[in-house]
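Data block below; observations after.
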Amino acid sequence: MLKKKESEAPAFTANGLPIDRSIKIVKSKAAKREEVKRNLVAYSFIAPNFIGFAIFTLVPIVFAFALAFLNWNGNTEMTWAGLDNFKYIFTNEMFLASLKNTFVYTIGTVPLTLVVALFLAIVLNQKIRGRNFFRTVSFFPYVGSLVAITAVWNMLFNPSMGPINEILIRLGVEDPPRWIADNDWAMFTIVLFSVWKYMGYYMVIYLAGLQGINTELYEAASIDGVNTWQKFWYVTLPQLRNTTFFILIMLTIQCFKVYDIVYMLAGAGSGALSQATTVLVYEIYNSAFRYWRLGVASAEALVLFAIVLVVTIVQFKLDKE
Amino acid sequence: MMIESSGQKVLKVLLYVFLIIMAAIMLLPFLWMLSASLKQDRDVFTFPIQWIPAEPEWGNYSRIWTQIPLLTYILNTVKLTIIVTLLQLFTSSFAAYAFAKLRFKGRNALFLGYIATIAVPWQAYMVPQFMMLRGMGLNNTHLAIIILQAFSAFGVFMMKQFYEGIPTELCEAARIDGMTEYGIYAKIMLPLAKPSLSTLTIFTFVNTWNDFLGPYIYLTRDNLKTIQLGLRSFIGQYSSEYGLIMAGSVVTMIPVIAVFLALQKYFVEGVASSGLKG
Amino acid sequence: MKKALALLLIALISLSAVFAGGSSESAADGKTTLTWAVWDYATTSYYDALIDAYEASHPDVNVEVIDLGSADYQTALQIQLSGGGSEFDVVAIKDIPGYNNLYKAGLLADLAPLAERDGLDLSLYGGIIEQISIGDSFYELPFKSDFWVLFYNKDLFDAAGVPYPTNDMTFEEYDALARQMTSGSGASKVYGAHYHTWRSAIQLFGILDGKHQITDGGDYSYLKPYYEMALAQQADGIVQDYATLKTSNIHYSGVFYNESVAMMNMGSWYIATLITANQTGQSDAQNWGIVKYPHAEGIEPGTTLGTIGALAIPSSSKQQEAAWDFVKFVCGEEGGKALAGTGNFPAYQIPEVKDIVASLEGFPQDQNSKDALSVTQLYLEMPLHDKSAEIEVVLNEFHDQIMTGNMSVDDGLAEMGKRVDAVLAN
């Protein structure tokens, strides 16, 4: 009994994924029974979450994916569409534009947010005066109601009368950018907003991650006469690997799914996003709830899903190495 | 151990300057919100921005309670948030233990499947899901929102990552002592996972508190509605009461900040590192 | 132990949630309950007026209102109706694209046979029925019909010593007047005119000659003069910059209340709003008037844009007859009078409406304002079209692109035509 447990320990890498086992152990009957029991115990842990998740989320998702190959308006009979929905979206200018914009947004937002969040967390993990205040304040943007904070942002970044441009003009910038109102600046403005809104959120995760680091590691490093930068590079960063991995994946997924902040910032006024600012989920929303072409919406969602899946698997593979 | 050199002093000053600027950037929009909450609707969006309203319109803070049944909405939101957070904490931390520390058939596939579903935007499966839940008689019930929010893959993923930072040797030792897996989860993992549990609490709390779309689709009756629905109701087809929106936003932000402050000490506490020595 | 307790607590609360959440169905007092889906219930005065009027003459009926919010009203409504399981007996329809979507999904009952059976005089809807008919059928009945007029601030005109606008103005005269009325700078700046960010506010000047349908696609160059007029006014500071309005959520009612615009084209719904705002002190624009929409050379004054609010009966409703009776009432003469009493305009043409509205306290006393309530020709903001939802999105997008200056008028209109054509071809 005890032996089995011992043999189990090295079966995992640091991040919990099993390492390739080249040696096949011939299982005895008892060992098999043990294995069944072990599986059952594990499943019992997962069950409370998984059953709820499977019924209420997984089933509708599978159903939605099937819809990608059908025509449906939500009420009348479904008809077979085959690959028509996919052919349609890949010839649709707006959908292609939304693909491009979503990539640009993701590539702009992910690294920036990650770095800023980590920096903030490390700074606010030090023993400094007013630490609690600063922590709370940086979490504010995440908490604030979206209606309110996007309204403020648009006010501050108003092209002709906003304080930001007033300052820029005073600093000698002759022709300050027109921010969200300018096709060339709109995405940049949205990235800026996202980083501002979400850095506090990811900082909190990093803070929790930092608590998990064994302080003895730092003490040992200090004895070795290592400087602050080296401590960060050789102790903190590797120890935060799990956290960084989690944040990287969540952030990527969240970026690919961006919708409401873009809509509230760039869609204000006309309620429509242009080719310069449209994003995937906005196109999905339009297909589903403005045109009621649920098959098309599902096809678009399936494309999004495939992209995120590939990116996630790549990240998993990189993490393993 | 640190000798305060003048260079370090300069660094410290720079750090504070940076932090104060950052705090200002974070706070500015909320100061504006506060100021707008004391204005008449027609004055909210005027330039140049008036940071301190000339005649503060305190009435906004009383009108939000009478124009909509805000108290009912708050009570509903509190109820939903507490239930969802508790369920989420329990099911996520429980399931994550298996993913992080147990070996079983189909683990990797199951886990990848979990994460992949996070990538599917809700808009894509909202209609089938709604029909399904309505078929179960859950339309216009709080249970619908609880079910939608309580079993997220996000929580499982997050807790798993944190558990993995806890040395497996600890579990090993406990197993050798004859502890069951449930015992290890309850007695060893949970206490050590306090920082991440409080993180998950904050996130779930904020998400449920600020959720708009879910309640919008499932809760159409006044006695069931939540805060965010109330705030949006100030934006009408032909007129928007921004003064009230801002006042409502200020009021409803307070509980979230309170929860954040209450849980913050757990980020500081951290893991009792000496106990972890493998 | 603690954990077990916590679990028990969760179970209990969840259980209570199930029971608390159960909706209460029709009362057992023998009354019929009609469930009516609307938007903006709290801030709209006429819903209660209509319900009160109906319940007074139908004591056995109880009308229950469900507010689905205004921003995504049509989305929420269609989700609720999809699959036929909804509890609604009567639904308000907010716009034409939404109506078209519901019809296409087969969610609405055909009202034409009922109207014929009961001998409704459809000509009293002033041509609207023809515009919402699909073949011989129609699936909604309009109860409210708004039209666009020009609001102006009399005090500002008096102060500038400029004569008021009239009921017969060409666009050139209107433009000149707007320029004449612009003055000041900074906080005391007065803009001559104002266009809200909706595409209708500018784009639809172009369809008033009756020669074009906005859903036709192809060549949109007929909109060019109006975009050029608006952009020139914008460049010269005669109207507020579109990008500013868009990014700062500036609402048209606010700028009119604050007396910072002299003229503003807006829908007739604003009459009731303005009267109330003046009474409650929200607005400083106490002295105001309306005139007919400006028009192109050779077009009759009183030609304007319209938008309708309508009622429909979901085909899933189990009380079709009771629902139809309510719809008939609200969209007919009695409902029309109740609506007019709140300062709103019924779609059903009752001759007294003009007098009822004009005699409301707070409505301007001059003859021009009263005359402005007569409409010669009404074009729907969005005509019924199989693809109206898709077209609407394209029209909005390029309105935005042109007005923010991201595209020149020519490029924007050309691109708009191309994209509408792509929608039509699909």
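The values are calculated or read from the model by the stated rules, or taken from the named source; none is laboratory data. All figures in this text were calculated on a predicted structure; none of them were measured in a lab. FYI the Cβ positions are ideal-geometry reconstructions off the backbone, even for glycines, and counts take in every protein chain you see.
Summary of values
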{"quantity": "Selection within segment C:106-162 - over 18 Å from the mean Cα position of the chain (by Cα), assigned to a loop (DSSP other than H, G, I, E, B), surrounded by 19 or more Cβ atoms within 10 Å (Cβ to Cβ) and not hydrophobic (A, V, I, L, M, F, W, C)", "calculated": "C:TYR139"}
{"quantity": "Matching residues in segment A:210-230 - criterion: being farther than 22 Å from B:GLY7 by Cα and facing chain B (nearest Cβ under 7 Å)", "calculated": "A:GLN211, A:GLY212, A:ASN214, A:THR215, A:GLU216"}
{"quantity": "Sole exception among (1) surrounded by 17 or more Cβ atoms within 10 Å (Cβ to Cβ); (2) farther than 30 Å from B:LYS160 by Cβ for A:MET78, by number", "calculated": "(1)"}
{"quantity": "Residues being free of Cβ contacts under 8 Å to residues at least 24 places away in the same chain, at the interface with chain B (Cβ under 7 Å from one of its Cβ atoms) and hydroxyl-bearing (Ser, Thr, Tyr) - total across segment A:133-173", "calculated": "2"}
{"quantity": "Residue in segment B:107-114 that is within 11 Å of chain C (Cβ to nearest Cβ), in contact with a Phe, Trp or Tyr (Cβ under 7 Å, 6 or more places away or on another chain), over 18 Å from A:ILE253 (Cβ atoms) and part of a helix (DSSP H, G or I) present", "calculated": "no"}
{"quantity": "C:TYR125 being in the same structural domain as C:PRO113 (by TED's automatic domain parsing), over 14 Å from C:VAL261 (Cα atoms), touching a Phe, Trp or Tyr at 6+ places or on another chain (Cβ under 6 Å) and hydroxyl-bearing (Ser, Thr, Tyr)", "calculated": "no"}
{"quantity": "Residues of segment C:26-80 that turn out to be basic (Lys, Arg) and either within 30 Å of A:ALA272 (Cα to Cα) or within 23 Å of the chain's Cα centre (by Cα) (or both), as a count", "calculated": "0"}
{"quantity": "Failed criterion for C:GLY98 (all others in (1) more than 14 Å from chain A (Cβ to nearest Cβ); (2) out of contact with any Ser or Thr (no Cβ under 7 Å at 6 or more places or on another chain); (3) of a type in the set (Gly, Ala, Ser) hold)", "calculated": "(1)"}
{"quantity": "Some residue of segment B:174-197 being touching a residue at least 12 places away in the same chain (Cβ under 8 Å) and among the polar types (S, T, N, Q)", "calculated": "yes"}
{"quantity": "Subset tally (residues that are charged (D, E, K, R), over 17 Å from C:PRO97 (Cβ atoms) and facing chain A (nearest Cβ under 8 Å)) for segment C:382-424", "calculated": "1"}
{"quantity": "A:SER274 among the hydroxyl-bearing types (Ser, Thr, Tyr), closer than 28 Å to B:ILE235 by Cα and at pLDDT below 90", "calculated": "yes"}
{"quantity": "Residue check for C:TYR242: within 11 Å of another protein chain (Cβ to nearest Cβ), in contact with a helix residue (DSSP H, G or I) (Cβ under 9 Å, 6 or more places away or on another chain) and within 21 Å of C:GLY343 (Cα to Cα)", "calculated": "no"}
{"quantity": "Helices (runs of 4 or more DSSP H) contained in segment B:149-253 and holding at least 2 residues touching a helix residue (DSSP H, G or I) at 6+ places or on another chain (Cβ under 6 Å) and surrounded by 23 or more Cβ atoms within 10 Å (Cβ to Cβ)", "calculated": "B:153-164, B:194-210, B:213-218, B:227-232"}
{"quantity": "Matching residues, segment B:27-42, being within 8 Å of chain C (Cβ to nearest Cβ) and modelled with pLDDT of 80 or more", "calculated": "B:GLN40"}
{"quantity": "Among (1) within 21 Å of the chain's Cα centre (by Cα); (2) modelled with pLDDT under 90; (3) surrounded by fewer than 17 Cβ atoms within 10 Å (Cβ to Cβ) - the single one A:PHE119 does not satisfy", "calculated": "(2)"}
{"quantity": "Subset of segment A:275-321 [of a type in the set (D, E, K, R) and in contact (Cβ under 8 Å) with a residue 12 or more places away in the chain]", "calculated": "A:GLU283, A:ARG293, A:GLU300, A:ASP319, A:LYS320"}
{"quantity": "Residue satisfying condition, being more than 17 Å from the chain's Cα centre (by Cα), on the phi < 0 side of the Ramachandran plot and in contact (Cβ under 8 Å) with a residue 24 or more places away in the chain, within set C:ASN406, C:ASN368, C:ASN344, C:ASN396", "calculated": "C:ASN368"}
{"quantity": "Qualifying residue in segment A:94-115 (condition: at the interface with another protein chain (Cβ under 9 Å from one of its Cβ atoms), in a helix (DSSP H, G or I) and out of contact with any Ser or Thr (no Cβ under 9 Å at 6 or more places or on another chain))", "calculated": "no"}
{"quantity": "When residues of segment C:371-392 are limited to those that are assigned to a loop (DSSP other than H, G, I, E, B) and touching a helix residue (DSSP H, G or I) at 6+ places or on another chain (Cβ under 6 Å), the one surrounded by the most Cβ atoms within 10 Å (Cβ to Cβ)", "calculated": "C:MET382"}
{"quantity": "Segments classed as helices (runs of 4 or more DSSP H), wholly inside segment B:1-73, with at least 3 members that are under 24 Å from A:THR136 (Cα atoms) and polar (S, T, N, Q)", "calculated": "none"}
{"quantity": "Filtered residue count, segment C:35-70, keeping only those that are outside any strand (DSSP E or B), within 11 Å of chain B (Cβ to nearest Cβ) and small (Gly, Ala, Ser)", "calculated": "3"}
{"quantity": "All helices (runs of 4 or more DSSP H) inside segment A:122-226 with 3 or more residues being assigned by TED's automatic domain parsing to the domain that holds A:PRO238 and under 30 Å from B:ASP211 (Cβ atoms)", "calculated": "A:131-143, A:146-156, A:183-211"}
{"quantity": "Residue in segment A:267-274 that is within 30 Å of A:ASN71 (Cβ to Cβ), in contact (Cβ under 8 Å) with a residue 60 or more places away in the chain and facing another protein chain (nearest Cβ under 7 Å) present", "calculated": "yes"}
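Let's see how each residue does on (1) buried (at least 20 other Cβ atoms within 10 Å of the Cβ); (2) more than 26 Å from C:GLN180 (Cβ to Cβ); (3) away from chain A (no Cβ under 14 Å):
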| residue | (1), (2), (3) |
| --- | --- |
| C:SER260 | yes, no, no |
| C:MET263 | yes, no, yes |
| C:MET266 | yes, no, yes |
| C:ALA277 | yes, yes, yes |
| C:GLN282 | no, yes, yes |
| C:LYS292 | yes, no, yes |
| C:GLY298 | no, no, yes |
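Residue by residue, here is whether (1) surrounded by fewer than 21 Cβ atoms within 10 Å (Cβ to Cβ); (2) among the hydrophobic types (A, V, I, L, M, F, W, C); (3) assigned to a helix (DSSP H, G or I); (4) free of Cβ contacts under 8 Å to residues at least 24 places away in the same chain holds:
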{"site": "C:ALA193", "(1), (2), (3), (4)": "no, yes, no, no"}
{"site": "C:GLN203", "(1), (2), (3), (4)": "no, no, yes, no"}
{"site": "C:GLY217", "(1), (2), (3), (4)": "yes, no, no, no"}
{"site": "C:ILE250", "(1), (2), (3), (4)": "no, yes, no, yes"}
{"site": "C:TYR270", "(1), (2), (3), (4)": "no, no, yes, no"}
